[in-house]
Amino acid sequence: MEAFAQSEALVPASSVIDGKAYAAGLMSRVKTEVAEIKGRLNTVPGLAVILVGEDPASSVYVASKRRETQAAGMNSFEHRLPETTSQIVLLDLVKELNGDPRVHGILVQLPLPGHLDADAVIEAIDPAKDVDGFHVINAGRLTVGQNALVPCTPLGCLMLLKDRLGDLTGRHAVVVGRSNIVGKPMAQLLLQEDCTVTIAHRHSRDLANLTRIADIVVVAVGRPEMVRGDWIKPGATVIDVGINRVVRDGKSRLVGDVAFAEMGHAHAVTPVPGGVGPMTIGCLLSNTLEAFRRAQDREETSAMEIS
Ligand code: NDP
């Protein structure tokens with residue numbers, strides 16, 4: 001670790017992956033396609049977001065999803081339900097949205113209040129509208145290589161990796177973290193790109209030696225700056241998914257799971273904030289657009305079958 005301590009803050013600008021800029025480009029492409037759809041079909045994709053309770057962070061996320069959805073020219077349907085909402089009422093709303101032809105994507109903002117069963121709610125969403133990609137049908141499709149709606153954060157990581165590295169074939173990727181929303185789908189996506197994939201977790205032995213031989217390291221653990229400079233081989237690409245709030249010198253700030261300032265020898269690295277984070281909403285809208293396209297394809301196919 002000492003070897004890198006002297007190069008603190010010496011990450012060349014050319015090595016920093018600008019997720020904010022990439023996400024802006026993605027949003028602009030989505031907006032252009034939505035405008036084209038509106039001109040051609042006189043309809044637009046719609047995203048429904050359900051928020052239960054008053055959690056301040058969730059409320060901010062939902063408001064920003066509404067703003068971005070509308071900015072992309074899509075319909076935004078926001079459902080804010082009281083903290084005391086019962087499972088049955090929530091499931092009824094999901095069912096109603098499943099059947100609403102104006103809604104192409106449904107997102108239930110997590111975490112839900114403790115009395116609600118999040119797994120059951122997610123399983124109630126029509127997999128074709130599951131733009132978060134959390135439904136077991138979508139997880140299964142991703143695993144067997146079928147057309148799935150893919151969770152937004154790993155999808156965003158993959159976009160950044162391909163943008164920076166091009167073809168990923170044959171590269172050794174180590175994914176640290178195995179959650180259903182980041183680590184596991186990330187590993188599946190990298191496998192589909194013909195990477196050799198290692199998945200590490202809390203019980204992995206000698207983690208630093210695993211990451212040290214990787215060409216690509218994706219970290220999603222939720223531990224501030226756990227991955228140090230000497231865990232990464234020179235020329236590797238590092239994607240930091242972690243978002244951790246810490247207090248430094250009396251000031252509150254966000255840091256990732258990777259010690260960014262020690263990554264001067266990496267080929268490329270995502271900063272926190274400004275790396276993976278901004279990609280998530282862009283991928284949500286891109287998934288909503290994809291769900292819309294597939295719904296159109298299904299309609300055209302069934303119209304052809306009838307005629
Ligand atoms: P989870 O808590 O669900 O999963 C964390 C994973 O990290 C688990 O698989 C756990 O292993 C593993 N882990 C924990 N400690 C260690 C350790 N010491 N060594 C190796 N592995 C370890 O978290 P999420 O996947 O939901 O999120 C991870 C991070 O990413 C968080 O900081 C979160 O805030 C952030 N995040 C950021 C997003 C964005 O948009 N940028 C979106 C989603 C998440 P085990 O399974 O063995 O317990």
Q) By the gyration tensor of its Cα atoms, with a ≥ b ≥ c the square roots of the eigenvalues, what is the shape of the range 1-142: rounded for a/c under 1.5, prolate for a/b over b/c, or oblate? A) oblate
Q) For the range 42-126, what is the accessible area per residue in Å² when the probe is 1.4 Å? A) 48 Å²
Q) Label-point separation (nm) for Arg202 and Asp119, each offset 7 Å from Cα along Cα-to-Cβ? A) 1.7 nm
Q: Determine the principal axes of the Cα atoms in the range 42-126, then give the extent along each, sorted from largest to smallest and rounded to whole angstroms.
A: 41, 28, 17
Q) Quick one: putting +1 on the C-beta of Lys and Arg, -1 on the C-beta of Asp and Glu, what dipole do you get for the chain around its Cα centre, in Debye to the nearest 20? A) 460 debye
Q. So which GluC sites (Glu not before Pro) in the range 1-110 pass both tests, a DSSP loop state and at most 14 other Cβ atoms within 10 Å of the Cβ?
A. Glu8, Glu54, Glu83
Q: Note down, for the chain, the three equivalent ellipsoid semi-axes (square root of 5 times each alpha carbon gyration tensor eigenvalue), biggest first, whole angstrom.
A: 35, 22, 19
Q) With each pseudo-label sitting 7 Å past Cα toward Cβ, what's the Arg245-Lys95 distance in nm, one decimal? A) 3.8 nm
Q. If the viscosity is 1.002 mPa s and the temperature 20 °C, what translational diffusion coefficient in µm²/s does Stokes-Einstein give for the range 47-90 when Rh comes from Kirkwood over Cα pairs?
A. 194 µm²/s
Q. Shape call for the range 11-66 from the C-alpha gyration tensor, a ≥ b ≥ c root eigenvalues: rounded (a/c under 1.5), prolate (a/b greater than b/c) or oblate?
A. oblate
Q) Can you give the extra length, in nm with one decimal, that the chain gains between Ala303 and Asp163 once fully stretched, where that is 0.36 nm per residue apart less the Cα-Cα distance? A) 46.6 nm
Q) Percent of accessible area on the chain owned by carbon and sulfur, 1.4 Å probe? A) 54 percent
**Q.** For the chain, calculated [θ]222 nm from helices alone, where every DSSP H run of n ≥ 4 adds -39500 (n - 2.57)
**A.** -13000 deg cm²/dmol
Q.
Suppose all protein chains stay in the model; what accessible area per residue would a 1.4 Å probe give for the range 151-277, in Å²?
A. 43 Å²
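The values are calculated or read from the model by the stated rules, or taken from the named source; none is laboratory data. Since the model is a prediction, treat every value here as computed from it, not as a measurement. Cβ: placed from backbone, ideal geometry, glycine included. Neighbour counts: every protein chain shown. We work out accessible area using only protein heavy atoms, side chains counted, and drop any ligands, DNA or RNA first. Shrake-Rupley method; radii C 1.70, N 1.55, O 1.52, S 1.80 Å.
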